[in-house]
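J.: Could you have a look at this structure, given as structure tokens, before my questions?
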Amino acid sequence: MYHSIHHIRYSVKNVEKFSSFLINQLNFKKYATSKASDCPLRSKTIVLRHADVIFIIDQWKEGAEPCCDNFFCHRNNNYPVNTACDVCLQTSDVEFILQKAKSASPKNSHKETDHIGDKDGIVSYAIIKSPVGNLQHTLIDLTKYGGAFLPGFEVNKSWDPESHPHFMTAVDHIALSLQLEHTDEVVKWYNHCLGFTRMIINTEEDFDAGFVVKEGIHGLRLKAVLGPQQLEEQKVKNKVPEVPKFVFCEALKQDKRSQIEHFLFMHQGEGIQHIAFSTNNIVDAISNFKASGLQCVLPPDDYYAEQFPQNQIENLDYTVETLKANSILLESNHGEAESGSDWCELNFGVSRLEDQVQHMNKTNWFIMQAFTTPVFEEKTLFFEIIQRFQTISGFGAGNIGALWRAVQKELFNK
């Protein structure tokens, strides 16, 4: 079994405004449009793309119900606030996963396996409702489809991937905000239905409790899962395979000044808190995006003075000033092992958590991250840009703590 993220779908109240933000500040391009249709729900749908990141942006519609045979009309675009509502997974096991989801959550509304096609072939699909708020997963099997995108859409004739500068490459991970004490149930669901396995977040993580960030009486708890993949097809030396990863976040307690509780209130329930994009050069990416007007969360004032020795930055050919100017967080590890070809295999979630910790401690790796301010008026969803070297798993403890403090300040101290 394998999965990859095919696209992410949004339901927003102003398609043009959100699309303009993505195009002007994150260098997305118009990729495809809906074919002529009498369906009123598809009239304003826009498909944007940046490298392998594809977004379908739908117009919110109160009380919207499926009204035609196209599977994009079997959708939940009537959520009361702006939201990322569907993470579409390309897989070879649509029916198997559907039956797993039905057995795990029989009361949820799932859509049975169906087929849709055009001159380029047939797509098999189903829709499963996740246990997380309004999130659903459309499952698609493209093994019998040779088209550029999906039935019901036309790729823009002007689309030329080589002519667009790619500052990002793919979706690295997706973080979701959950209700108190809901994480373990969600982790079990993703394992049972989709074959996702626990992924270590940081070497300081408690295997049962997860990774905890705490300051005073406030804080949050995180656990992460990693999707299954065909390892040999994906493993390339010193290249990070794009494997679906989900990070689940919950508050440590009921706390009105918790950013998780703030999200749950403003989003009116659980959902996608942030989406992270991988990049091969985070300094180039952020400097270009900021030049286009992108606003990034500023790390705490003491971060660059306390977080890492100067020689760690110099080894990466950067200066503190460069990182600070671009609001970039850095975490690295200098292990005893030489860079080797086995780093990837032990990061695939196929090993025990203890083995993952040992491997992270022994391996030379670094992670660089930057975070945007919220992109919706509800101050819910934000984006992350992340560059990894020799690790597909993990997030620096210092980076997580710095982000948490920065977001707390952004939300509650202004």
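Rule-based calculations on the coordinates, nothing more; no lab input. What you are looking at is a predicted structure, and each value in this text was computed from that prediction instead of being measured. Heads up, the Cβs are rebuilt from the backbone with ideal geometry, glycines too, and the neighbour counts pull from every protein chain shown.
J.: Based only on other Cβ atoms within 10 Å, what is the fewest-to-most ordering of S105, S278, S124?
T.: S105, S124, S278
J.: Check the straight Cα-Cα distances from K144 and name the lysines below 19 Å, setting aside those fewer than 8 residues away within the same chain.
T.: Partners found: K119.
J.: Sticking with this one: Sorting W189, W404, W159 on the 10 Å Cβ count, fewest up front, what's the list?
T.: The most exposed by this proxy come first: W159, W189, W404.
J.: Please give the net charge around P161, taking every other residue with its beta carbon less than 11 angstrom from that of P161, where Lys and Arg add +1 and Asp and Glu add -1.
T.: Combined, the nearby Lys, Arg, Asp and Glu give -1.
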